[in-house]
Amino acid sequence: IGLVPTMGALHRGHLSLIEKAFNENDVVWVSIFINPTQFNNSNDLINYPKNLKNDELLIKKISKSIEIFSPNEFEIYGENPKIKTYDFKTIDNELEGRFRKNHFNGVATIVSKLLNLFKPNNVYFGEKDYQQTQIIKKLISLEKINVNLNICPTVREKNGLALSSRNNFLSYSERNDASIIYKSLILLKNNFNTSNLISTKKEIKNNINKKKNFQLEYLEIADASTLKIQSKINPKNSYRAFICVRVNDIRLIDNILLN
Ligand code: PAF
């Protein structure tokens, strides 16, 4: 059994996970559920894009045999959604965790429910949400769940913009301008082993903030496993760069392996 958990508004990134799951399992379930407990902003929850009919068409185009689970809130949580609190050893407080209080407890609550419901052999997530994948890795070990975690490459537009359901909210020109996010990560990667790192970060911030409606929320270099922000680099460790850019009220995130 392969499980692909999603919140719907499927794009090519999700479809690549579903195709991989389809090639590697006898039975594939795609869950589509906008999980209220992971939203710390009620407007974000209300406005989250929904397109169940189209999602079903896209899934069935891959194969009619793929099963879809699209429960309502009551079926998952009963009368009052309860969020479980986990001890993720601080990785939930770094990066996204600083801006989205309790978000990762909400993600872990729903993923734990889905894993216990379907008992899949394989579960699939995209690397765009790298911090989420590390939270789920911890969740699986904390709850001793017997499942293979498959972390799959980020799918991008031609201009480098990572696919995200939130891109639907961008205007045509904002979508073009948002290519600066991935270009910035590449620039940082190319300067990772040089003494230009601080000036490169400054240059990136200026260039992003110059774009209409764009604001850099963070650009950090962090240890790939602890997600702790690093200023001193130890060549023996692995690092990633993490970025979040606000376009009006829309938060776009991305990340890249640096070494
Ligand atoms: O990445 C997502 O779409 C969600 O966080 C997930 C994993 C489906 C949990 O609601």
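Compared with the direct C-alpha span, the chain from N234 to N40 gains 66.3 nm at full extension, assuming 0.36 nm per residue. Between the residues Y77, Y48, I1, the greatest Cα displacement towards the positive end of the dipole of the chain, with unit charges on the Cβ of Lys, Arg, Asp and Glu, is found for Y48.
Let a ≥ b ≥ c be the square roots of the eigenvalues of the Cα gyration tensor of segment 114-259; is it rounded (a/c under 1.5), or, if not, prolate (a/b larger than b/c) or oblate?
Oblate.
Summing Lys and Arg as +1 and Asp and Glu as -1 over all other residues whose Cβ lies under 14 Å from the Cβ of K89 gives a net charge of -1. Here the chain carries DSSP beta bridges of which approximately 55% are antiparallel, counting only pairs with both residues inside. Starting from the Cα gyration tensor of the chain, take the square roots of the eigenvalues, sort them a ≥ b ≥ c, and report rounded, prolate or oblate (rounded when a/c is under 1.5, otherwise prolate if a/b is larger than b/c, else oblate). Here the chain falls in the prolate category. Within segment 4-123, count lysine pairs with alpha carbon atoms under 17 angstrom apart where the residues are 8 or more positions apart or belong to different chains. Close lysine pairs found across segment 4-123: 10.
Summary value for the chain: 17 percent relative contact order, contacts being C-alpha pairs under 8 angstrom separated by 6+ residues.
Once the 1.4 Å probe is applied to the protein heavy atoms, the chain comes out at 52 Å² accessible per residue. Each part gets one Cα centre, and for segment 57-74 versus segment 1-52 those centres are 10 Å apart.
Give me the dipole magnitude in Debye, nearest 20, for segment 106-259 about the Cα centre, with unit charges on the beta carbon: positive for Lys and Arg, negative for Asp and Glu.
Roughly 160 debye for segment 106-259.
Summing Cβ point charges (Lys, Arg +1; Asp, Glu -1) relative to the Cα centre of the chain gives a dipole of roughly 740 debye.
Note: relative contact order over segment 97-204, using C-alpha pairs below 8 Å and six or more positions apart, is 19 percent.
I'd like the trypsin sites (Lys or Arg not before Pro) in segment 95-149 restricted to DSSP loop residues with at most 16 other Cβ atoms within 10 Å, sorted by number.
For trypsin sites (Lys or Arg not before Pro) across segment 95-149 that sit outside H, G, I, E and B with at most 16 neighbouring Cβ atoms in 10 Å, the list reads K101, K144.
Ranking L252, P235, I181 by how far each Cα lies toward the positive end of the dipole of segment 178-259 (charges on Cβ) leaves I181 at the top. A Förster radius of 30 Å, combined with the Cβ-Cβ distance separating E24 from K53, puts the computed FRET efficiency at roughly 0.65. Spatial offset of segment 221-259 relative to segment 108-126 amounts to 26 Å, using the alpha carbon center of each. Considering only N40, N213, N121, the Gaussian network model of the chain with Cα springs below 10 Å gives its largest mean-square fluctuation to N213.
The values are calculated or read from the model by the stated rules, or taken from the named source; none is laboratory data. All values derive from a computational prediction rather than experimental measurement. Don't worry about glycine lacking a Cβ; one is built from the backbone with ideal geometry, like all the others, and counts go over all protein chains shown. Areas reflect the complete protein model, heavy atoms only, side chains present, ligands, DNA and RNA absent. Shrake-Rupley method; radii C 1.70, N 1.55, O 1.52, S 1.80 Å.
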